[in-house]
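Enquirer: Structure below; questions to follow.
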Amino acid sequence: MGYIRIERAVCKGCGRCIVACPKDLIEFSDELNERGYQVVTYKGSPEECGGCTLCAVACPDLGIETWNNRGKQTFETTTGLTEKMTHYCPGCTHGVVHRVVGEVLSELGLVGRTIGVAPVGCSVLAYEYFNFDMFEAAHGRAPAVATGAKRARPNTIVFTYQGDGDLASIGGNEILHAANRGEKITVIFINNAIYGMTGGQMAPTTMPGQKTSTSPFGRDTEDTGMPIKVCELLAALQTPAYIARGSAHDSKHTVRLKKMIKTAFQHQAEGRCFSFVEVLSTCPTNWGVSPNEASDWVADAMMDYFPLGIIKEPAKEPKPAGAKA
Amino acid sequence: MTKVLMKGNEALGEAAIRAGCVHFFGYPITPQTEVPEYLVKRLPEVGGVFVQAESEIASINMIYGAAGTGVKCLTSSSSPGISLMAEGLSYIAACELPCVLINIMRAGPGLGGILPAQSDYHQATRGHGHGDYQLIVLAPASVQEAVDLMMLAFDLSERYRNPVMVCADGMIGQMMEPVEFPTEGAGEPMAENEWALTGCEGRERRIVNSLYLSPEDLNEHNKKLKAKYDLIAEKETRHEVYGEHEGADILVVAFGTMARIVKSAIDDLQSEGVKVALFRPITLKPWPYKAGRATMDALAPDAPVLTVEMSMGQMIDDVRLCADGSRRHEFLGEAGGVVPSPEEVAAKIKSLL
Ligand SMILES: Cc1ncc(C[n+]2csc(CCOP(=O)(O)OP(=O)(O)O)c2C)c(N)n1
């Protein structure tokens, strides 16, 4: 029989795992943990859980590990991350994306060669969570910092992790030109349609009509323009690149997102091209909704405008001469 | 070693390579453009890296990235470009990363003009980014000295883990003079160290960061930086005294190109029997206050101090701090690319005697 282990101490009670479980085996308990969060608990009988991992994939806080029917561990926490508990709000998908990046680097055996660049934004403290060499860059400048690092140390794996204010607003020029030069770096771009860290102001990616603290009556596109589709903007450049958009709002999409992020780092590791993955993410606190409502909002309000998938890929390399067809 | 005739900007570029720097990131701007134009051809010969950045904001952040991985690196710009580097410089200094920047000052404010000026003295010594940090600022007065100070700049930046600015004006950058390089070929790369980000294989991971969430920790960090700046001030100030200052009737203070012009004025005046000397700071930051004060104290009792600048008067603030009320101050300055001539300087000196 499969089972899951819930780490009570790190649970922030966001409830994402409850929705993720296809068999409805998780619920809120009556208990609060040491940090005052109402923790979740397994409610099914032991034989019901197959160890499918979807609850663990949904958890932003490394709070769940899973085992399958044969007693094999199907989900364990990655060595790509430190054990430090994140400061993110309950249900914020920054934690999910951190974990996916950590897993990918660890699975590709790249952790010891990686240099990450944290932005200014809610993920400014990413250097506390990623378990490898890290920079903390000025607001928006991460792609330039990454350029300097990668050019100086071409054998390292360099990536930036940036929010939508950081990348699409103040850092618009740096990302555009890093992509256009074809820097062999990877960029993880968190699109949560808002400025999280400064308390919920309008971002370049804020949806039309979306209320934020600086668009209190809803984003007026007459006055502020339309949300920027960064993937499509960068894909218009003629320089070869891998550009994809995924989502971390639920487990199914997070599994697909992980494939994109893996491909992105593989392109870099093989010295092929600039790689960029946008991630539709949640900000329950500043959107003023519950974590699971936030996930629904990504699916309902963001995904049509920001279509998921691989937006651009480098041309396939021609087979070496003499190779069999 | 043989002398070669070189333009100041090109000599600066070559000196960086001789100092072991083979990583350049920069954005074009007059009157420093010969630095990148020289390096883009020269760096491939020594296996170096040249990136034309999209802006000075990007180039200084590329420097942050490259310096953070423990390589010697250089950027070059002129006044408006240095303004854009302000934020990045603050981060680099906060993270205690070594790097060198060349600033070939032009006339301001605003877009100003492309002719030589010293009106970014305040920017170089006090200005640029936010927070309690300092650069080391070196000011050459000839092409040879520009070469020597570039070599020193890389040395100081690595030793103190601090950004160093070589601050010249368009005149030094553009003029051709015979120069001698103290070494042959590309110099040594930066020594292995305990802080550079290179990938954590086989060691503890490292972080380059300037965020301190606890006020006590940030206070400590500031105190540590201050102690370093104090040490630099104690050990690394450099200056030149020209002419006989003991008992002189007037002391002129000037730096860079302006100091050269003052020297020829002094040569003329000395032949007329005028007792005048020049005090020339070579480190604009830290300013050689001690040596300056000793020089002033040796003058004739009522001798004034005349500061001459290619600006409306910026370094004079440091001259006043140096004199600390002990001397009468006079000033001569022109801006916008207009440079006081030796005759004008001589006339001003005479008028004060
Ligand atoms: C030069 C500069 N301008 C403004 C700020 C203030 N600031 C900090 S974070 C931030 C917005 C971050 O939003 P985003 O990039 O969307 O990331 P999130 O917090 O949503 O993850 C701003 C404006 C700053 N630190 N530096």
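Enquirer: Looking at the calculated P(r) for the protein assembly as shown, what percent of the C-alpha pair distances fall above 36 Å? Write down the numbers at each step before the final one.
Expert: Details: 110505 of 229503 pairs.
The calculated P(r) of the protein assembly as shown puts 48 percent of pairs beyond 36 Å.
Enquirer: Based on the alpha-carbon gyration tensor of the stretch B:82-149 and its eigenvalue square roots a ≥ b ≥ c, which shape applies: rounded if a/c is under 1.5, prolate if not and a/b is larger than b/c, or oblate? It would help to have the intermediate numbers written out before the result.
Expert: Details: a/c = 2.33, a/b = 1.22, b/c = 1.90.
Judged from the Cα gyration tensor, the stretch B:82-149 comes out oblate (a/c at least 1.5, b/c at or above a/b).
Enquirer: Ok, one more. Charges only on Cβ, +1 for Lys and Arg, -1 for Asp and Glu: so what's the dipole of the protein assembly as shown about the Cα centre, in debye to the nearest 20?
Expert: Values: 63 positive and 81 negative charges, 350 e Å.
Roughly 1680 debye, rounded to the nearest 20.
Enquirer: Follow-up. Give the value in nm², to one decimal: projected area of the alpha carbon convex hull of the stretch A:40-121, averaged over all directions.
Expert: Working: hull surface 26.5 nm².
Mean shadow area of the hull around the Cα atoms is 6.6 nm².
Enquirer: Which residue, A:T206, A:T221, A:V277, has the largest displacement toward the positive end of the dipole of the stretch A:94-312 when charges sit on each Cβ (Lys, Arg +1; Asp, Glu -1)?
Expert: A:V277
Enquirer: Highest mean first, how do B:134-144, A:60-70, B:62-72, B:234-244 rank when packing is the count of other Cβ atoms within 10 Å averaged over residues?
Expert: Working: B:134-144: 23.8, A:60-70: 20.6, B:62-72: 28.7, B:234-244: 15.5.
Packing proxy ranking, top to bottom: B:62-72, B:134-144, A:60-70, B:234-244.
Enquirer: In square nanometres, what is one fourth of the surface area of the convex hull spanned by the alpha carbons of the stretch B:22-98? Provide the component values of the computation, followed by the final result.
Expert: Details: hull surface 18.3 nm².
Taking a quarter of the hull surface, the average projection is 4.6 nm².
Enquirer: Continuing with this model, one more query. Among the DSSP beta bridges whose two residues both lie in the protein assembly as shown, what percent are antiparallel, rounded to the nearest 5? Each step should come with its number before you reach the end.
Expert: Numbers: 27 of 87 bridges.
Once the DSSP bridges in the protein assembly as shown are tallied, antiparallel ones form about 30 percent.
Enquirer: Right, next: Holding the Cα-Cα limit at 23 Å, pick out from A:K184/A:K252; B:K72/B:K285; A:K84/A:K252 the pairs that are longer than that.
Expert: Details: A:K184/A:K252 29 Å; B:K72/B:K285 21 Å; A:K84/A:K252 26 Å.
Result: A:K184/A:K252; A:K84/A:K252 exceed 23 Å.
Enquirer: Looking only at the stretch B:4-235, where both bridge partners belong to it, what percent of the DSSP beta bridges are antiparallel (to the nearest 5)?
Expert: Values: 5 of 25 bridges.
Antiparallel bridges make up about 20 percent of those DSSP assigns within the stretch B:4-235.
Enquirer: Output the antiparallel fraction of DSSP beta bridges having both residues in chain A, as a percent to the nearest 5. Can you show the working numbers first?
Expert: On the way: 16 of 42 bridges.
Approximately 40 percent, going by the DSSP bridge assignments.
Enquirer: Helix-derived [θ] at 222 nm for chain A: sum -39500 (n - 2.57) over DSSP H runs of at least 4, divide by residue count, nearest 500?
Expert: Details: 11 runs with 89 residues, N = 325.
Roughly -7500 deg cm²/dmol at 222 nm, from the helical runs in chain A.
Enquirer: Rounded if a/c is under 1.5, else prolate if a/b beats b/c, else oblate: with a ≥ b ≥ c from the C-alpha gyration tensor eigenvalues square-rooted, which is chain A? Don't skip to the end; give the middle numbers.
Expert: Numbers: a/c = 1.74, a/b = 1.23, b/c = 1.41.
It is oblate, given that a/c is not under 1.5 and a/b is not larger than b/c.
Enquirer: Return the long-range amide H neighbours of B:I102 (sequence gap of 5 or more, or a different chain), with a cut-off of under 5 Å between placed amide H atoms.
Expert: For B:I102, whose amide H was placed from the backbone, the distant partners under 5 Å are B:T75, B:S76, B:S77, B:V166.
Enquirer: Sort B:H130, A:H253 so that the residue with the fewest other Cβ atoms within 10 Å of its own Cβ comes first and the one with the most comes last. Please report the intermediate quantities before stating the final value.
Expert: Values: B:H130 11, A:H253 20.
Arranged by neighbour count, lowest to highest, B:H130, A:H253 become B:H130, A:H253.
Enquirer: If you don't mind, another one. Could you please report the charge total around B:R260, scoring K, R as +1 and D, E as -1 over all other residues with beta-carbon less than 12 angstrom from its beta-carbon? Kindly include the intermediate steps, with their values, before the conclusion.
Expert: Values: positive: B:K263, B:R280; negative: B:E145, B:D169, B:E177, B:E240, B:D267.
Result for the neighbourhood of B:R260: -3.
Enquirer: Can you compute the helix-only [θ] at 222 nm over chain B? Use -39500 (n - 2.57) per DSSP H run of at least 4 residues, normalise by all residues, nearest 500 deg cm²/dmol. Walk me through the numbers before you get to the answer.
Expert: Working: 13 runs with 142 residues, N = 353.
Here the helix-only value at 222 nm equals -12000 deg cm²/dmol.
Enquirer: Can I ask one more? What is the mean number of Cβ atoms from other protein chains located within 10 Å of the Cβ atom of each residue in peptide B:205-216, rounded to a whole number?
Expert: Values: counts 12, 6, 10, 10, 9, 3, 7, 0, 3, 0, 0, 0.
Average per residue, whole number: 5.
Enquirer: All other residues with a Cβ under 11 Å from the Cβ of B:L284 taken together, and with Lys, Arg as +1 and Asp, Glu as -1, what is their net charge? Working shown, then result.
Expert: Working: positive: B:R126, B:R238, B:R280, B:K285; negative: B:D120, B:D318.
The answer is +2.
Enquirer: Further question on the same structure: With a 10 Å Cβ neighbour count serving as the proxy for reagent exposure, in which order, fewest first, do A:H87, A:H177 appear? Each step should come with its number before you reach the end.
Expert: On the way: A:H87 15, A:H177 19.
Arranged by neighbour count, lowest to highest, A:H87, A:H177 become A:H87, A:H177.
Enquirer: Going highest first, how would you order B:201-213, B:86-98, A:197-209 by mean Cβ packing within 10 Å? List each step's numbers first, then the result.
Expert: Details: B:201-213: 15.3, B:86-98: 22.5, A:197-209: 19.6.
The most tightly packed comes first, giving B:86-98, A:197-209, B:201-213.
Enquirer: Provide a whole-number value for the mean count of partner chain Cβ atoms within 10 Å of the Cβ atoms in peptide A:126-139.
Expert: Values: counts 0, 6, 3, 0, 2, 2, 7, 14, 8, 11, 7, 9, 11, 1.
Whole-number average of other-chain Cβ neighbours for A:126-139 is 6.
Enquirer: What is the sum of charges around B:A58, taking Lys and Arg as +1, Asp and Glu as -1, for the other residues whose C-beta is under 12 Å from the C-beta of B:A58? Write down the numbers at each step before the final one.
Expert: Numbers: positive: A:R141, A:R181; negative: A:E174, A:E183, B:E54, B:E56, B:E87.
Computed value for this residue: -3.
Enquirer: Other chains' Cβ within 10 Å of B:16-25 residues: what's the mean?
Expert: Mean partner shielding for this stretch: 1.
Enquirer: How large is the charge dipole for the stretch B:240-352, taken about the Cα centre, if only the Cβ atoms of Lys, Arg (+1) and Asp, Glu (-1) carry charge, to the nearest 20 debye?
Expert: Working: 12 positive and 17 negative charges, 61 e Å.
For this selection, approximately 300 debye.
Enquirer: If you don't mind, there's one more thing I want to ask. Could you size up the charge dipole of chain A around its Cα centre, putting +1 on the beta carbon of Lys and Arg and -1 on that of Asp and Glu, and report it in debye to the nearest 20? List each step's numbers first, then the result.
Expert: Details: 32 positive and 34 negative charges, 270 e Å.
About 1300 debye.
Enquirer: Name the shape class, rounded, prolate or oblate, that the alpha-carbon gyration tensor gives for the stretch A:3-75, where a ≥ b ≥ c are the square roots of its eigenvalues, rounded holds for a/c under 1.5, and otherwise prolate holds if a/b is larger than b/c and oblate otherwise. Before the final figure, lay out the partial values.
Expert: Numbers: a/c = 1.89, a/b = 1.63, b/c = 1.16.
Since a/c reaches 1.5 and a/b is larger than b/c, the shape of the stretch A:3-75 is classed as prolate.
Where a number appears in this text, it was derived from the coordinates with a stated rule and is not lab data. These numbers come from a predicted model, not from an experiment. All Cβ positions, even for glycine, are placed from backbone atoms using ideal geometry, and neighbour counts span all protein chains on display.
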